[in-house]
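*Asks:* This is the structure I want to talk about, given as structure tokens.
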Amino acid sequence: MENKRTLLDFMSFVMRTFGICICFLLVLTMMANAEMIEITSMFIFGNNAISITILLQFLLLSFITSILVFLFTSAYMIRFLSLTTRLILMPVSIILCLGITIYFFDWFPAGAPLPWILFMVSFLICFGISVAITLHKNKKADDDLNKALEKMK
């Protein structure tokens, strides 16, 4: 039985992604110091506020990321790509998308290696946690299905 996803499911995912991004942005904004304010356009109001432009950029990024997640978890992709392939292609696609967004919106200088390194480390940590949670949920669901199958025998 295939589980159909609706527009409401997609928009809910976009809003959850956006909410998580904004929570991280709030923490970063509260920690913003003079050096960070000079390096990035994200903290134009210092640690006092987040600009509406930045919020809209994060909403757009959440929308694009959600499209990629829904694409890589679609029945079509599951049918034709292995889990390993999808686990490689999804973060590569998301990182590429994030990189373009960071560069296009000038969130930090393209030539400064430290922000890019910190970005990659934080992304890989978040993605690793996400994959671990997903794999755990899938294993639990498989175990539950196997128990139910055993009961039917």
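The values are calculated or read from the model by the stated rules, or taken from the named source; none is laboratory data. Not measured: the values here are computed from a predicted model. Please note: Cβ atoms are built from the backbone with ideal geometry, for glycine as well, and neighbour counts cover all protein chains shown. Just so you know, the surface numbers come from the protein's heavy atoms only, side chains and all, with ligands and any DNA or RNA stripped out. Shrake-Rupley method; radii C 1.70, N 1.55, O 1.52, S 1.80 Å.
*Asks:* Report, by residue number, each residue of segment 119-153 that is surrounded by fewer than 12 Cβ atoms within 10 Å (Cβ to Cβ) and either acidic (Asp, Glu) or within 28 Å of Ile39 (Cα to Cα) (or both). Lay out the reasoning, then the answer.
*Replies:* First, pick out the residues of segment 119-153 that are surrounded by fewer than 12 Cβ atoms within 10 Å (Cβ to Cβ): 121-122, 125, 128-129, 132-133, 136-153.
Correct list: Val121, Ser122, Ile125, Gly128, Asp142, Asp143, Asp144, Glu150.
*Asks:* Follow-up question, since we're still on this one. Among the listed residues Ala32, Ala49, Ala110, Ala75, identify the single one that is under 23 Å from Ala132 (Cα atoms), out of contact with any strand residue (DSSP E or B) (no Cβ under 9 Å at 6 or more places or on another chain) and not charged (D, E, K, R). Reasoning before the result, please.
*Replies:* Values: Ala32 fails: under 23 Å from Ala132 (Cα atoms); Ala49 fails: under 23 Å from Ala132 (Cα atoms); Ala110 fails: under 23 Å from Ala132 (Cα atoms).
The conditions single out Ala75.
*Asks:* State yes or no: is Gly99 at pLDDT below 85 and either among the small types (Gly, Ala, Ser) or assigned to a helix (DSSP H, G or I) (or both)?
*Replies:* Numbers: at pLDDT below 85: no; either among the small types (Gly, Ala, Ser) or assigned to a helix (DSSP H, G or I) (or both): yes.
So Gly99 does not fit the description; no.
*Asks:* Please determine, by comparing only the residues of segment 40-54 that are in contact with a helix residue (DSSP H, G or I) (Cβ under 7 Å, 6 or more places away or on another chain), in a helix (DSSP H, G or I) and of a type in the set (A, V, I, L, M), which one is surrounded by the most Cβ atoms within 10 Å (Cβ to Cβ).
*Replies:* Going through segment 40-54, the residues in contact with a helix residue (DSSP H, G or I) (Cβ under 7 Å, 6 or more places away or on another chain) turn out to be 42-43, 46-47, 50, 54.
Okay, now just the ones that are also in a helix (DSSP H, G or I), so 42-43, 54.
Of the ones still in play, those that are also of a type in the set (A, V, I, L, M) are 42, 54.
Details: Met42: 23, Ile54: 21.
Ranking the candidates gives Met42 first.
*Asks:* Also: Determine whether Pro115 is open to solvent by less than 80 Å² (accessible area, probe 1.4 Å), part of a helix (DSSP H, G or I) and touching a residue at least 40 places away in the same chain (Cβ under 8 Å).
*Replies:* Numbers: open to solvent by less than 80 Å² (accessible area, probe 1.4 Å): yes; part of a helix (DSSP H, G or I): yes; touching a residue at least 40 places away in the same chain (Cβ under 8 Å): yes.
The answer is yes for Pro115.
*Asks:* If you don't mind, another one. Just the residues that are farther than 23 Å from Gly99 by Cα and of a type in the set (Gly, Ala, Ser), please, taken from segment 47-80.
*Replies:* Of all residues in segment 47-80, those farther than 23 Å from Gly99 by Cα come to 47-49, 74-80.
Ala49, Ser74, Ala75 - these are the residues of segment 47-80 that are farther than 23 Å from Gly99 by Cα and of a type in the set (Gly, Ala, Ser).
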